[in-house]
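Colleague: Before I ask anything, let me first share the structure, which is written out below as structure tokens.
The values are calculated or read from the model by the stated rules, or taken from the named source; none is laboratory data. In this text the structure is predicted, and so the values were computed from the model without any measurement. Heads up, the Cβs are rebuilt from the backbone with ideal geometry, glycines too, and the neighbour counts pull from every protein chain shown. The protein model used for the area step is the full one, side chains on, heavy atoms only, and it has no ligands, DNA or RNA in it. Shrake-Rupley method; radii C 1.70, N 1.55, O 1.52, S 1.80 Å.
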Amino acid sequence: GLSWGTISCKMVVKGKKSDGEPVKAWKSQPCRLYVKGAIMGFKRGLRNQYEKTSLIKIDGLQDKKDVDFYLGKRVVYIYKAVREVKGTKFRTIWGRVTRAHGSNGTVRAQFARNLPAKAMGGRCRVMLYPSRV
């Protein structure tokens, strides 16, 4: 199974009002809304490879029954380009987890555009949305 970390919040004093009463506010911890994954390659057989389907190993997944939570979740591959577009050099390719691959927690994902070869072995983010709960 998966072990999830908890986000702890605590009350902190930010300052004092004019009458001397302390101003309290909640201090929240930074939280990550995605799970890290590694791009293993394309779906393939001995002689053929199918570029439209990528294999992703999601951190923390060990067996096939845990994959069910991630079906339909959005996946993003983020890379850096040379030329700046819309004020940023980072570009993204979005995809979706489609099904399990094997019995060890690897998943298949299809992207809007096929991933480039330089993405193999790289990292991706598996977003925790859309929720099916």
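Colleague: Would you mind giving the average projected area, over all directions, of the Cα convex hull of the chain in nm² with one decimal?
Modeller: Details: hull surface 50.0 nm².
Seen from a random direction, the Cα hull of the chain projects 12.5 nm² on average.
Colleague: In the chain, if the dipole is taken from +1 on Lys/Arg beta carbons and -1 on Asp/Glu beta carbons about the Cα centre, which of 87, 20, 129 is farthest to the positive end?
Modeller: 87
Colleague: What do you reckon, how do 90, 69, 111 stack up by accessible area (1.4 Å probe), largest on top?
Modeller: 90, 69, 111
Colleague: Here's something else I'd like to know. List the lysines whose Cα lies under 20 Å from the Cα of residue 43, skipping any in the same chain that are fewer than 8 positions away.
Modeller: Reachable lysines: 52, 57, 64, 73, 118.
Colleague: Using the basic label-point model (7 angstrom from Cα toward the beta carbon), what is the residue 94 to residue 128 distance in nanometres?
Modeller: Result for the modelled spin labels: 2.0 nm.
Colleague: Using a 1.4 Å probe, what is the accessible area per residue for the chain, in Å²?
Modeller: 70 Å²
Colleague: Over the range 9-133, with every protein chain in place, what whole percent of the accessible area is carbon and sulfur at 1.4 Å, could you tell me?
Modeller: About 52 percent, which is the carbon plus sulfur part of the accessible surface.
Colleague: What distance in nm separates the simple spin-label points at residue 17 and residue 118, each placed 7 Å from Cα in the Cβ direction?
Modeller: About 5.7 nm separates the two model spin labels.
Colleague: Rounding to the nearest 20 debye, state how big the charge dipole of the chain is about its Cα centre with +1 on each Lys and Arg Cβ and -1 on each Asp and Glu Cβ.
Modeller: Using Cβ point charges on Lys, Arg, Asp and Glu, the chain gives about 440 debye.
Colleague: Suppose the chain between residue 86 and residue 48 were pulled fully straight at 0.36 nm per residue; how much longer would it get relative to their current alpha carbon spacing?
Modeller: Contour length minus Cα-Cα distance gives 9.9 nm.
Colleague: So for 34, 70, what's the accessible-area order with a 1.4 Å probe, most first?
Modeller: Correct descending sequence by accessible area is 34, 70.
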